[in-house]
1. Measure off 7 Å from each Cα along the Cα-to-Cβ vector at residue C:323 and residue A:153, then give the distance between these two points in nanometres to one decimal.
2. Taking the label point 7 Å from Cα in the Cβ direction, how far apart in nm is residue C:218 from each other copy of itself, listed shortest first?
3. Just to verify a number: FRET efficiency for residue A:256 and residue A:216, C-beta to C-beta distance, R0 = 30 Å, to 0.05?
4. Please report, for residue B:245, the nm distances (one decimal) from its label point, 7 Å out from Cα along the beta-carbon direction, to the equivalent points in the remaining copies, shortest first.
5. Antiparallel versus total DSSP beta bridges in the protein assembly as shown: what percent is that, nearest 5?
6. Give me the angle, in degrees from 0 to 90, between the Cα long axis of helix B:91-101 and the longest principal axis of the Cα atoms of chain B, rounded to the nearest 10.
7. In degrees from 0 to 90, rounded to the nearest 10, what is the angle of the helix B:58-69 Cα long axis to the longest principal axis of chain B?
8. Counting only C-alpha contacts under 8 Å and six or more residues apart, can you give the relative contact order of chain C as a whole percent?
């Protein structure tokens, strides 16, 4: 029986290597459904409460699709205005009520710690879909899952990984969560490239340091991109009190095919949590990289569905019976060719 | 055959004791599905048009989940801005069109009478989910259903009930509708506690009076809370023309564990239509009551799903065949323990 | 095998008479499901990404219901604000990601050409649900389908049709698309009635002219409404740079029962792409026409579901196996009586 059955998924701090490997094993089993080679109705009749109190397209839809692909239904709430919260309702009450309607809840909220508070009132498992600058554990898991898959091509494993994290390392919560997860592995070389004002917070640096990993810190990409993985990020303008300060950093560290050719290894894998800011003044990851087979950003999105399917299956305790509810897919799908 | 098949549910005025008892009998049959002990797909392929032209989380999601739990799909519209109404479309036209897409419609709208107007254009049954300060019949039914269930613990029935309604009795439409339904029963003692300016409207007082029930009116909670049921309400600030006037009433009649101990019976049941306003200046029902087993507010929400499932089953004429489409629930649910 | 399998539906320019007739044959096969005489689950497990970056009720819900009626699930995104586009994401990236989650996408966007751009990034078929003043191919198809059905009553066919298009012929994209489709047929008489400033664009006039059809242009309805079909439109105020200019045209060409009796044939069919603007200053199609059996506007909406079901079935390659996944409808439906 899984340790995740009936549990909340709130923070990457919940995971150890063994539990991560278990999640990834289940995620692998989800691939045939995500690729529409088969379908499953194991969660037919179950309801996901998809609560997004902050704008999001990809994470919201990814959770919803993952649940649909297991056969379940999705009831969605988006925005703060349309919520009873605007009438003074506490998160506890909202949680108590929405959990009365749902079998599991995915939630995003702009305030750090809010999802954990919400979970205290919930009668069903809550999956944190991002709480402000704090945590985004499913993104961290899908990033790590992607790293493992991408390294397979070159016969490598996460142990011994050489990774460069670049851009807004202060506000980019995905970088914080990923750093914690990677710290559970052995012998990682972290290279951190950012403006000094957007450096990785000390609390995360301590985690890396305490786990005995190698750390290189720079505000220059020169010599720092020849890693196995380069993880680029967007300047999180919405987290800055001062938008003008954000603007002075947008566009500071760009990545494009020319820079890739000059500074990366021939098989350096490029990742990004998305969305990438494609406006001229930012453009931290140029579209001219789209043709580069080492650009893994869209495979990350695909992997996100697998990881979220795995977490739903685990928290609802159906991870071993998904294939008992299988049937054939009668419609044509372009996904088979991906 | 049910009197509700193919009918709109617009007002509590449609109901008599017999029809209410029939709805409650069907609601009881829905419990195993709501508790995830079994699932049913009786409405597989049916579509609910869930139209919320006014912000709502709990009522909207409750309708949606109730429909999903019967196996149906939900197509949702929220807000006025995203609607053709902003291009000058009449409610009649919207009704004609949306009813072309749906098998049944649930609707909330800020204007009194709008849902009944809408129903005139609809080709499928319309369930009123609240029209301004006018009606909210499904809330009234779930409140009454909850009262019946809560009284069972002490071996009592609705006939002979001693109930205190308190707070904003002027704008709180749930209080109006509930008063009308209770008036169908025998020998009720209504105690009304509110600021004079927020008193129950004369039209509702007449209904109570004409049915021969006992009425106590006060602007003081002293001596007025030792009832079987105390139904507390939120000051409906959104219905006030003058927000400052609303603010002077918020927090006027509070209920907390200390007041409960002093003024209520040992088994007085506390209800509230929710959301409760937990901000310090209002806080009409304190969180320190959450541990009190007589606080029924979350059971009200659970009962709302049962009552709405019953109304969908009845209006679509499937109330007697729900169990023919039953199957097992293969996933783990914390709801079994509730 | 259909030419539409795996293809985008972006523009009416993709269609010839043969392909239109094929779509209509499939649309006819969808009627029993839309009328709830039977249900089908052929797309059970499939996901529609319903992306509406511009307000819409009817088109959005019509696409969603059409997909539900084939057994599929719908994941919806509405508005620009709730989207990663507001963080600078390109349409290409959004397409790449959302298509990773979906089996097919329906999309509306305020910018002309945006849906075609989006389709370049999509890995699944994209159906254009309207891109600004440019195209709205599914509306054009449902209009043409309706014309064919309505003419059947009088034993006529589209070849030889006498049609009057009136109102805002400049910004009304449905009129542009419908004119192109009708031009594929033989011997059509187009009568165009509009203020000179809102005339049909030259590019569309050329299409009609090059196909050798008869053309009458007027800014007066006198003598111009005795057609087989009168297609009335709303002044598209949201497309005008100058709202005051729009207002001077609203209400200029009205249609009501009095005008119908005076100017139309006894069996002239009235169509309108909806929504009709029922505010007094516009009211281009009066409610007193609702009782007229030749008012086809609500049948247009019904037909929209059939046409969209057909397009989903065709693009996903299930058009010939829909009935293999049939079952009985156990609930009561008023639609049988329509």
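Each value in this text was obtained by applying a stated rule to the coordinates, not by laboratory testing. Since this is a predicted model, take the numbers as computed values, not measurements. Here Cβ is always computed from backbone atoms with ideal geometry, including for glycine, and neighbour counts include all displayed protein chains.
1. 4.8
2. 7.8, 7.8
3. Approximately 0.85, to the nearest 0.05.
4. Label-point separations across copies, in nm and ascending: 4.6, 4.6.
5. About 10 percent, rounded to the nearest 5.
6. On a 0 to 90 degree scale, this one is about 50.
7. So the helix axis and the longest Cα principal axis differ by about 40 degrees.
8. 22
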